[in-house]
Amino acid sequence: MDEQMSYGDDYKFIPATSIGSGVGVEVLPDLFCHTIQIVNICLVGQPDSKDFVLVDAGMPQSADEIISVTEERFGENNPPKAIILTHGHFDHVGAIIELVNHWQVPVYAHELEMPYLTGKKRYPEPDSTVEGGMVAKMSPMFPIEPINLGNHVEALPADGSVPHMPSFRWTHTPGHTPGHISLFREQDRVLIAGDAFVTVKQEYLYKVLTQEQEISGPPRYLTPDWEAAWDSVKKLTALNPSVAVTGHGLPMSGELLSDSLQKLVTEFDQIAIPDYGKYVPRNIH
Ligand SMILES: [Zn+2]
Ligand SMILES: [Zn+2]
């Protein structure tokens, strides 16, 4: 039976942007990233092939843009095989209902993220008191009520495989959200990190606007578990990725990436964990 899908009651367009908005980057021949306002979506697969997937679903009201970007690269009437979600935050599922209706494709997410995608659980309130800039201050306007994808969303296979992405494996990277995942391809060590770490200081409007490249932990205002977030960055650093695409900011590669990740792991309490905020454990610094 086809269940009705709905966004949360607080779903709305968010007026935030960056110089990267509307810009696409071919990171690899089969990995294309496109920035919707302040968040990245990825299309994984060779151009014009039938076998490709969309990773994450952009900001609210961005479905038309995502569809046209996809058609430009893969042709019309050629929907992706699936949509894979790194997690269920509003800026990663913003257009998903329109996309599922348009393409009739399955959505996959981690089992622990399912309650937030099936109308059962809301994310913790964004922390607008956290150390950081304007985006953190704006964060109370961000939607946190769960969307309900009904039976259109399925849990990822427990064996680490990713449906329709045969060369990739998912790895559990909680902290930012309980069921956050990253995607990794061993053969060329490509990492799609989601928000486990990002390459822009997402809390600061100016840095978001200019997309200045700077390694950072997960966006502060929406990260409730800093111990787990640190462990997740350690896990991803141990994979030694050659290139990383993150949920926010520009792709990063080579020595800049490995040095930055190394620094983030050792100085996570300085770089990532805010000095103050309601989700910051007292003894972590
Ligand atoms: Zn997020
Ligand atoms: Zn995000």
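Since every read-out is calculated from the coordinates, none of them should be taken as a lab result. Every value quoted in this text rests on a predicted model; they were computed, and no experiment measured them.
Taking 1.567 mPa s as the viscosity and 4 °C as the temperature, the Stokes-Einstein diffusion coefficient of segment 167-285 based on its alpha-carbon Kirkwood radius rounds to 92 µm²/s.
Counted over segment 90-183, the DSSP beta bridges are approximately 60% antiparallel.
Across segment 259-274, computed HN-Hα scalar couplings (Karplus, 6.51 cos²θ - 1.76 cosθ + 1.60, θ = phi - 60°) run 5, 5, 5, 4, 5, 5, 5, 6, 10, 4, 5, 7, 7, 9, 6, x Hz from first to last residue, x flagging Gly and Pro. Which of PRO157, PRO126, PRO218 ends up with the largest GNM mean-square fluctuation for the chain, with Cα atoms connected below 10 Å? Top of the fluctuation ranking is PRO157.
Looking only at segment 21-108, where both bridge partners belong to it, what percent of the DSSP beta bridges are antiparallel (to the nearest 5)? Beta bridges within segment 21-108, antiparallel portion: roughly 70 percent. Size descriptors for segment 214-271: radius of gyration and Dmax over Cα atoms are 10.9, 30 Å.
Antiparallel DSSP bridges in the chain: what percent, to the nearest 5? Of the beta bridges lying entirely in the chain, close to 70 percent run antiparallel.
3J(HN,Hα) couplings calculated from phi for segment 190-203 with the Karplus curve 6.51 cos²θ - 1.76 cosθ + 1.60 (θ = phi - 60°) are, in sequence order, 8, 10, 9, 8, x, 9, 4, 8, 9, 9, 9, 6, 5, 7 Hz; Gly and Pro show x.
Classify segment 1-66 as rounded, prolate or oblate, taking a ≥ b ≥ c as the square roots of the eigenvalues of its Cα gyration tensor: rounded when a/c is under 1.5, otherwise prolate if a/b is larger than b/c and oblate if not. Mind dumping the intermediate values first?
On the way: a/c = 3.36, a/b = 1.25, b/c = 2.70.
Judged from the Cα gyration tensor, segment 1-66 comes out oblate (a/c at least 1.5, b/c at or above a/b).
Here LYS137 is the anchor, and the aspartates and glutamates within straight C-alpha reach of less than 17 Å, apart from those fewer than 8 places off in the same chain, are ASP91, GLU125, ASP127, GLU203, ASP275.
Would you please classify the overall shape of segment 61-151 from the alpha carbon gyration tensor, given that a ≥ b ≥ c denote the square roots of the eigenvalues, rounded means a/c under 1.5, and beyond that prolate means a/b larger than b/c while oblate covers the rest? Can you show the working numbers first?
Numbers: a/c = 2.80, a/b = 1.59, b/c = 1.76.
Oblate is the answer for segment 61-151, as a/c is 1.5 or above yet b/c matches or exceeds a/b.
When Rg and Dmax are taken over the Cα atoms of the chain, they come to 17.3, 54 Å. Which shape class, rounded, prolate or oblate, goes with segment 1-143 when its Cα gyration tensor gives a ≥ b ≥ c as root eigenvalues, a/c under 1.5 marks rounded, and past that a/b bigger than b/c marks prolate? Taking the square roots of the gyration eigenvalues as a ≥ b ≥ c, segment 1-143 is oblate. With contacts taken as Cα pairs under 8 Å at a separation of at least 6 residues, the chain carries a relative contact order of 17 percent.
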